[in-house]
Amino acid sequence: MSQFILAIDQGTTSSRAIVFNKAGQIVAQAQEEFPQHFPQSGWVEHNPEDIISTVLSVCKGALKSAKLTANDIASIGITNQRETTVVWDNKTGEAIYPAIVWQDRRTAEYCAQLKAQGHEDMVNDKTGLLLDPYFSATKIKWILDNVDGARSRADNGELAFGTIDTFILWRLTGEHKTDVTNASRTLLCNIHDLKWDEELLAIFDIPKSLLPTIHPSSCEFGHTQAEIFGAPIQVGGIAGDQQAALIGQACFKEGMAKSTYGTGCFLMLNTGSTPRKSQHRLLTTVAYQIGGVTHYALEGSIFMAGATIQWIRDGLKLIQHASETLDMAQSVGANNQVYLVPAFTGLGAPYWDPHARGAIMGLTRDTGIAEIVTAGLQSVCYQTRDLLEAMKKDDALPTHLRVDGGMVVNDWVVQFLSDILDLPIERPVITETTALGAAFLAGLSGGVFKSIEEVCELWQEQAEFHPQMAGDEREALYNGWLDTVSRVRTSE
């Protein structure tokens, strides 16, 4: 039996494929960026064909690099940018409108109307989510209401909706399915019974026929069409990217937490087999369903993490490569009095202010590029502290915090994070834990791994960081951040 797993990690700015072996080690990988589209202020779109073409390209590239064929792969795992919404013709597979990305804020006014109508408490009770443009339901409704003929075609059963996992699965296998983690991010799934909810469908005016069927995170989702990779391959695991990272970090026990620093930042705490309702505007979400057991999580979402550094590089052109930020931050030091609030698409948890916009404050005549770049790095850590403070108020402090994602290869960032959180932080050997989590799910389904316990044994620590900052300095810096955020907020 084959001992290799192919993980598809379809992210916000790039698609990646990684081949893992039975030891959870990377054998080969390939990655391609694709264009971002911003047709109006606050709008973010992707061309679905760019997503599919890059996914196929990196999968074939990774297999070629590993000198493997489809017959060598036991199973495929898919992990994806969550909430991003595609609606397509269920005969041709062609999207009727560009993918509306999770960062997109075009439905902010509609969300405000639903709140004013008194729907948010019911929606929160059923879904664990808030009424925010971030989630899929209002994006689906926007497409149905604004694309010519879409509403009638949906009512006639001619269209299909999916988050990116579902769209990829459809194009690979022809199956219209999703997993519980992605379903739980749509505002349409009741996380208590893990089913599409009729009352929610009625509120958002979305026909049920549009939706995929919901399945466990680790199961047989279908087989790829033979002509794609030369032979059929089982798709055995699917999870939204943040849940996949929780799995890849082996956070299977209640109280364990991970924080992922990719395009955005997402702090997720495993709360066990019972959904835990936040009183401080965190999200309750499905962590995973494996072997008939469902675990839930509390999650805080930051919209701009690595994307802030990307903006500093591509928008301001202050750096040419993210690796330059380490030397700059070391030269400035932690006690930086410049603050950058990257509210380019609003503020996420715990503020949930879609109309807030970014700002740089504390500028003086001696402020230079290094200070602004360092402020960008620090903004990610300050926002993580915001999430941790909300978790504290919910009496849900993590027992472990493990970090991953592209930003945490920067030792300065992780040390400052430990300092500002006043918490020890573990960084794993493999920081591509999102893809690793998808591989674990696929491997459990495909027989490569026999149990969760076996998966846990594969996790390895690369480094541990401990707080070194004095308490008064920590609080002074964080209070400066809170003051700056208060100046850009449009709602309390």
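None of the figures in this text is laboratory data; all of them are computed from the coordinates on show. On a predicted model such as this, the values are computed, not experimentally measured, just so you know. FYI the Cβ positions are ideal-geometry reconstructions off the backbone, even for glycines, and counts take in every protein chain you see.
Observations on the model:
- Under 27 Å from Lys22, Cα to Cα: lysines that are on another chain or at least 8 residues apart: Lys60, Lys64, Lys67, Lys177, Lys253, Lys258, Lys450
- Sum of -39500 (n - 2.57) over DSSP H runs of 4+, divided by residues of the chain (222 nm, nearest 500): -10500 deg cm²/dmol
- Applying both filters, DSSP loop and at most 11 other Cβ atoms within 10 Å, to the trypsin sites (Lys or Arg not before Pro) of the range 39-91 gives Lys67, Lys91.
- Estimated distance in nm for a label pair at Ser323 and Glu464, the labels positioned 7 Å out from Cα along Cα-to-Cβ: 3.0 nm
- The alpha-carbon of Lys208 sits under 15 angstrom from the alpha-carbons of these aspartates and glutamates, leaving out residues fewer than 8 places away in its chain: Asp155, Glu158, Asp197, Glu198, Glu199.
- 3J(HN,Hα) couplings calculated from phi for the range 377-393 with the Karplus curve 6.51 cos²θ - 1.76 cosθ + 1.60 (θ = phi - 60°) are, in sequence order, 5, 5, 4, 5, 6, 4, 5, 5, 4, 3, 5, 5, 4, 5, 5, 4, 5 Hz; Gly and Pro show x.
- Among Arg365, Arg151, the ranking by other beta carbons within 10 Å of each residue's beta carbon, starting with the fewest, stands as Arg365, Arg151.
- Theoretical gain in end-to-end length, Gln25 to Leu363 [0.36 nm per residue, Cα-Cα removed]: 117.2 nm
- Mean Cα-pair separation over length for the chain, i.e. relative contact order, pairs under 8 Å, 6 or more apart, %: 15 percent
- Straight-distance candidates among the aspartates and glutamates for linking to Lys115, with alpha-carbon spacing under 12 Å and chain neighbours fewer than 8 residues away dropped: Asp132.
- Taking the centroid of alpha carbons for each part, the range 112-147 and the range 425-492 are 29 Å apart.
- Antiparallel DSSP beta bridges within the range 4-241, percent to nearest 5: 65 percent
- Pairwise FRET efficiency - Ser65 versus Arg487, Cβ, R0 = 51 Å, nearest 0.05: 0.55
- Summed residue charge, Cβ within 12 Å of Gln31's Cβ, Lys/Arg positive, Asp/Glu negative: -3
- Net charge of neighbours whose Cβ lies under 15 Å from the Cβ of Ile425, counting Lys and Arg as +1 and Asp and Glu as -1: -2
- Antiparallel DSSP beta bridges within the chain, as percent of all bridges there, nearest 5: 70 percent
- Count Lys and Arg as plus one, Asp and Glu as minus one, and take only other residues whose Cβ is under 10 Å from that of Val403; the net charge is then +1.
- Label-point gap, in nm, between Thr92 and Trp43 - each point 7 angstrom along Cα→Cβ: 2.1 nm
- Relative contact order (%) - criterion: Cα under 8 Å, at least six apart; region: the range 1-109: 31 percent
- Cα centroid separation, the range 6-28 to the range 188-246 (Å): 20 Å
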